[in-house]
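Have a look at the structure below, then the notes.
None of the figures in this text is laboratory data; all of them are computed from the coordinates on show. Keep in mind the model is a prediction, meaning the values are calculated, not measured. Using ideal geometry, Cβ is built from the backbone for each residue, glycine included, and neighbour counts are taken over all protein chains shown.
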Amino acid sequence: MKAKMTLAKEFRIGDIDKRIYGSFIEHLGRAVYGGIYEPGHPTADEDGFRTDVIDMVKKLNVPIVRYPGGNFVSGYNWEDGVGPVEKRPKRLDLAWGTTEPNTFGTNEFMKWCKKADTDCMMAVNLGTRGTDAARNLVEYCNHKGGSAWSDLRKAHGYNDPWNIKLWCLGNEMDGGWQMGAKTATEYGRAALEASKVMKWTDPSIETVLCGSSSRNSWTFGTWEEQSLDIAYDSIDYVSLHQYYANRTDDIQSFLGHTMQLDEFIYSVICICDYVKAKKRSKKTINLSFDEWNVWYHSNNRPFEKWSVAPPLLEDIYNFEDALLVGSMLITLLRHCDRIKIACLAQLVNVIAPIFTQTGGGIYEQTIFFPFMHVSNYGRGAALLPLLDCPKYDCKEYTDVPYLESIATYNEENEEVTIFCVNKSLDEEAILDVNLMDFEGYKPFEFISMDGYDKKAENTFNAVNVKPHNNPVPAMDGTNLTVAMKPLSWNVIRLKK
Ligand code: AHR
């Protein structure tokens, strides 16, 4: 297959907000207990944090981590997770049918963030609770002192405020599975009041309104429009959540899902701008895609009800999942002018790129690598490539381009990186790239993941599905020619 791409500085989509490379830790399964926190583990530090996990998180270069849920947050009393550990109550977590020991809470998470070189995106409970608990948490976390909640934080041993800048107003409040689920108008009011009062407590914060729980939710569209209409003036972002599955073993449709993802993102942008126009507002609402991934391998696995930290949502990812995750990252970057935050859901053990054994080892899942590449090399501005390539039809989509691609331009480092997925099952792609005004730029690294069985997975003993380096492709003036294997993830790095 032959393909042509043209790249120019003028094709700038926008600057990439580094928070687009965020992730997510929920009190769910072994994400916290046995994941980031495991006192007594051979690698645990003085706070009980697994340093093997921290080291791997650092490789992903994740600038922000959403916490503590997810569905969990809609029944969470944040006060249960602060203060002396021996006094903290064990609670039933009705979201996941487990018991929450509360030995890890807000301050532990904030300490972990510091050690993992990341920031917290904090979610408040707008399910079973509301404005009062939310504003108290902002005061506890962000006020310097001299008030009841901030002094309580100090009494708990944390003199300095945590200064958390980004706050989610609940989680998936349209879903019947959510504790305290609401109609769009009920939620719009709850979110407006919570956001308003949270911002009165700390005017420097930003807030995220919950969008629908997915594009497939029956609420989608109307929910965004109605809740935004009510809360528009007080909030800064609207959230999107989307997971994909390959239940019928149809890889072409599975890899084609970015067609739908692209349309989903575009629709939410349109709804935000429709409400803006209706209100004659100067303010633009941007997007927080704060849950995205592949999720289905672990569905319906039995577990012991009310146990502490059972193995839940432990998807073991394969090679085709890595290709979709790479394609999804490219799609998010294509909208980086409006998507300012995104969270790969989740980070450790629970539908995650990092997998641990409680009391044992750790490994990178297949999806770890495309995320690591884009998060580390995809900084600066995103450039929309003019791409001319063959397309395919499949069960769920028509005209899916075989190549999914984006380029990033880091002006400061004088680096250009091209990310590209070849979705063809059997054809190599010969891509001719015209780099137009990038004179003097030369390729210095060509990384790929290819040649694996589409169902190949990694294990504790063998991280087989991983990137490898290829010979640097040929360049003639400002023309680059790259050969990309069938079913491959490709990263081509150029420098001046
Ligand atoms: O990430 C797992 C779950 O998926 C989250 O708790 C919820 O928000 C979503 O439905």
**OP:** Please report, in Å, the Rg and the Dmax of the stretch 135-270, where both are computed over Cα atoms only.
**Re:** 18.4, 60
Original post:
Two-decimal Rg/Rh of the stretch 267-327 from alpha-carbon positions, Kirkwood Rh?
Top reply: 1.24
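Calculated FRET efficiency, Leu152 and Trp177, Cβ-Cβ r, R0 22 Å, to nearest 0.05?
In this case the efficiency is close to 0.10.
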Original post:
So how tilted is helix 184-201 from the main axis of the chain? Cα-based, degrees 0 to 90, rounded to 10.
Top reply: 80 degrees
Subject >> Loop sites in the stretch 218-264: chymotrypsin sites (Phe, Trp or Tyr not before Pro), DSSP, at most 11 other Cβ within 10 Å >> reply: Trp218
Subject >> Whole-angstrom gap from the stretch 1-46 to the stretch 92-156, using each part's C-alpha centre >> reply: 22 Å
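Counting pairs of alpha carbon atoms under 8 Å apart in space and at least six apart in sequence, what relative contact order in percent does the stretch 252-344 give?
This gives 42 percent for the stretch 252-344.
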Subject >> Separation of alpha-carbon centers, the stretch 468-496 and the stretch 269-335, rounded to whole Å >> reply: 30 Å
Original post:
Roughly what percent of Cα-Cα pairs across the chain reach past 34 Å?
Top reply: 35 percent
Subject >> Of Lys9/Lys495; Lys199/Lys279; Lys199/Lys282; Lys115/Lys466; Lys9/Lys282; Lys395/Lys455, pairs whose Cα-Cα distance is over 24 Å >> reply: Lys115/Lys466; Lys9/Lys282
Original post:
Which ³J(HN,Hα) values, rounded to whole Hz and listed in residue order, are derived for the stretch 45-50 from phi using the Karplus coefficients 6.51, -1.76 and 1.60 in 6.51 cos²θ - 1.76 cosθ + 1.60 with θ = phi - 60°, glycine and proline given as x?
Top reply: 8, 5, 9, x, 7, 6
**OP:** Taking the chain as the reference, fit the longest principal axis to its C-alpha atoms, fit the long axis of helix 106-115 to the helix C-alpha atoms, and give the angle between the two in degrees, 0 to 90, nearest 10.
**Re:** 40 degrees
Subject >> Förster-model FRET efficiency, 41 Å R0, Asn479 and Ala245, C-beta, rounded to 0.05 >> reply: 0.55
**OP:** Would you mind giving the three semi-axes, in whole Å and largest first, of the ellipsoid equivalent to the stretch 26-99 according to its Cα gyration tensor?
**Re:** 23, 16, 11
Subject >> If the convex hull is drawn through the Cα atoms of the stretch 396-496, its volume per residue in Å³ >> reply: 136 Å³
Subject >> Selection of trypsin sites (Lys or Arg not before Pro), the stretch 140-225, meeting DSSP coil and at most 16 other Cβ within 10 Å >> reply: Lys144, Lys165
Original post:
Helix-derived [θ] at 222 nm for the chain: sum -39500 (n - 2.57) over DSSP H runs of at least 4, divide by residue count, nearest 500?
Top reply: -8000 deg cm²/dmol
Original post:
How about the stretch 302-334: which GluC sites (Glu not before Pro) there lie in a loop by DSSP and see at most 12 other Cβ atoms within 10 Å?
Top reply: Glu304
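Please tell me which of these pairs span more than 27 angstrom C-alpha to C-alpha: Lys111/Lys283; Lys423/Lys496; Lys4/Lys496? Walk me through the numbers before you get to the answer.
On the way: Lys111/Lys283 34 Å; Lys423/Lys496 30 Å; Lys4/Lys496 22 Å.
Flagged as over cut-off: Lys111/Lys283; Lys423/Lys496.
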**OP:** Report the normalised scattering of the stretch 1-143 as log10 I(q)/I(0) at q = 0.12 Å⁻¹, calculated by the Debye formula with identical scatterers on the alpha carbons.
**Re:** -0.56
**OP:** Starting from 0 in steps of 5 Å, tell me what percent of the Cα-Cα pairs of the stretch 233-337 lands in each bin.
**Re:** 2, 10, 18, 17, 14, 12, 10, 8, 5, 2, 0
Original post:
Roughly how many Å is it from the Cα centre of the stretch 164-180 to that of the stretch 189-228, as a whole number?
Top reply: 8 Å
Subject >> Anchor Lys391: aspartates and glutamates whose Cα lies under 19 Å away (excluding residues fewer than 8 positions away in-chain) >> reply: Asp250, Asp262, Glu263, Glu320, Asp399, Glu404, Asp426, Glu427, Glu428, Asp432
**OP:** Treating the angle as unsigned and between 0 and 90°, give the value, to the nearest 10°, between the Cα long axis of helix 251-279 and the longest Cα principal axis of the chain.
**Re:** 60 degrees
